[in-house]
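The values are calculated or read from the model by the stated rules, or taken from the named source; none is laboratory data. Just so it is clear, the structure is predicted and the values come from calculations on it, not from any experiment. Quick reminder, even Gly has a Cβ in these numbers, built from the backbone with ideal geometry, and neighbours come from all protein chains shown.
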Amino acid sequence: MNQSAARTPGPADLMDRVTHTALDALAASDPAILKLAERELARQRSHLNLVAASSPTSPEVLVTQALGLSALTAEGYPGRRYHPGTEVIDEVEQLAVERACALYGADHANVQPLSASMANLALLFGILRPGDAVLSMELSHGGHLSHASRPASSSKHLTADYYQLGPDGTLDLDRVREQVLALRPKVLICGGSAYPRTIDFAALRAIADEVDALVLGDISHISGLVAAGRHPSPFPHCDIVTTSTYKQLRGPHGGLILRAPGSRLSAAKLDKFVFPGFQGTPDFGMIAAKAVALGAAQRPEFGAAMDRVLRFAKLFAEAFLDRGVRLVGGGTDTHMVLVDLSGGAATGQTVSTALERVGILANKNLIPGDPRSAQETSGLRIGTNHLAFLHIGDREVGELAADIAELVACLTKGTAAEQCPSWPRLTEHASALIGAVRQATPI
């Protein structure tokens, strides 16, 4: 008898049959959504993604999210649920908690937040009372909406103030200290969404200690670098740390809360801030996918990818600076380069639109003291997370960076994109790299 024919079907065979059966059923019952999904996958494979706020979701994570674990309803925590039938997902959640703690050196993790923004809001509303003071980075200087920024609902309930970057585009710690002493916040938030330099968690901790403030570190943008030891850890300096799991960890769209060893906030209290304080039933498919991403981030190949993230970002920074294009902070220590377009004819919107025409995605972004609106902006934010997980080397990235930098320098003079000398080269290089992306399996 043929050996393969006699093989007993395993879990993979079952999943394969279920997947094909489900896809056939979806094609019959709702072809519109399936066609949209096919179009989106095709779009993703026809662009180079330089958006700093994302990384390519790993195939293992995508599969995990489709395993059916999201079908379960269960409030509470492992061993303390409010619904029956939870013995398996208790193990799933505990595994995610253990991996998060091992990866970051935390002594407790809450893996239920549906996003890092939800994690931040659960903490702010859990720790603070109406009118309490909080200090965070100004949104246009690199902060985040969920840090009680002015447009956010949380700022309406709190006494919020914001620190800014100094003239050199880096954190002005002396000014931060002055604001802390004047405001005496209960929480000092460090981290943001558009700060390309190293965050000095130890210095911010020392400042917070002068008024006995808690320190909340949001490492969403640098969580992969921190995990791989390529950026200083927020521990033991921050009492609590939040992060998204998709920006740099290649995980699902979700969040984590991490407790520092010795934090004044107990693990039980942090858990209560999330449930019942802010969320109900978590998504266990998402939690399982977080566990997969957290496990992958502990492997040597992830550290090698973070090395490429840093190396590629420096290639972009050098390319811009060599062509006289200013950068906020004067360069980068992370995955991100923030281009300063102020004073020129180009806006973040016009540059982003020009790049998208050749299949390159990079987003417009506010910069410190931006005279333009958030719809136009004077900044362009470029990230290298996606490039680092593709089969692309330093030479190709260096050429791409040079072409983009030359285009930006030309656009700032008011020249149309097609009239810029680098436009034909950029079009050619982008097309070649996109072709490689279509054929390559992400690392």
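Tabulated results
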| read-out | value |
| --- | --- |
| Matching helices (runs of 4 or more DSSP H) fully within the range 1-55 where at least 1 residues are at pLDDT 90 or above and within 30 Å of residue 194 (Cβ to Cβ) | 31-44 |
| Of the criteria (1) surrounded by 23 or more Cβ atoms within 10 Å (Cβ to Cβ); (2) under 17 Å from the mean Cα position of the chain (by Cα); (3) under 25 Å from residue 155 (Cα atoms), which one residue 204 fails | (2) |
| Within the range 64-167, strands (runs of 3 or more DSSP E) holding 1 or more residues that are touching a Cys at 6+ places or on another chain (Cβ under 7 Å) | 108-110 |
| Output for the range 268-327, where each listed residue is in a loop (DSSP other than H, G, I, E, B) and more than 30 Å from residue 83 (Cβ to Cβ) | 297, 298, 299, 323, 324, 325, 326 |
| In the range 367-409, residue modelled with the lowest pLDDT [restricted to those that are of a type in the set (A, V, I, L, M, F, W, C) and farther than 21 Å from residue 248 by Cβ] | 374 |
| Residue list for the range 336-361, filter: surrounded by 23 or more Cβ atoms within 10 Å (Cβ to Cβ), farther than 12 Å from residue 412 by Cα and among the β-branched types (Val, Ile, Thr) | 337, 360 |
| Selection count, the range 239-252, where residues are within 19 Å of the chain's Cα centre (by Cα), over 16 Å from residue 93 (Cα atoms) and assigned to a loop (DSSP other than H, G, I, E, B) | 5 |
| Selection from the range 153-170 of residues that are touching a helix residue (DSSP H, G or I) at 6+ places or on another chain (Cβ under 8 Å) and closer than 17 Å to residue 327 by Cα | 164, 165, 166, 168, 169, 170 |
| Complete set of residues in the range 111-146 that are under 25 Å from residue 337 (Cβ atoms) and aliphatic (A, V, I, L, M) | 116, 137, 139, 145 |
| Number of the condition not met by residue 337 [criteria: (1) without any contact (Cβ under 8 Å) to a residue 12 or more places away in the chain; (2) assigned to a strand (DSSP E or B)] | (1) |
| Only listed residue being at pLDDT 95 or above, surrounded by 22 or more Cβ atoms within 10 Å (Cβ to Cβ) and out of contact with any strand residue (DSSP E or B) (no Cβ under 7 Å at 6 or more places or on another chain), chosen from 61, 97 | 61 |
| Residues (without any contact (Cβ under 8 Å) to a residue 24 or more places away in the chain and over 17 Å from residue 385 (Cβ atoms)) located in the range 300-318 | 300 |
| Conditions (1) among the β-branched types (Val, Ile, Thr); (2) within 17 Å of residue 233 (Cα to Cα); (3) assigned to a loop (DSSP other than H, G, I, E, B); number of the one not met by residue 215 | (3) |
| Residue, nearest to residue 67 (Cα to Cα), within the range 257-288, restricted to residues that are touching a residue at least 60 places away in the same chain (Cβ under 8 Å) and of a type in the set (D, E, K, R) | 283 |
| Exclusive hit being in a strand (DSSP E or B) and either over 22 Å from residue 224 (Cβ atoms) or touching a residue at least 40 places away in the same chain (Cβ under 8 Å) (or both), set 382, 367 | 382 |
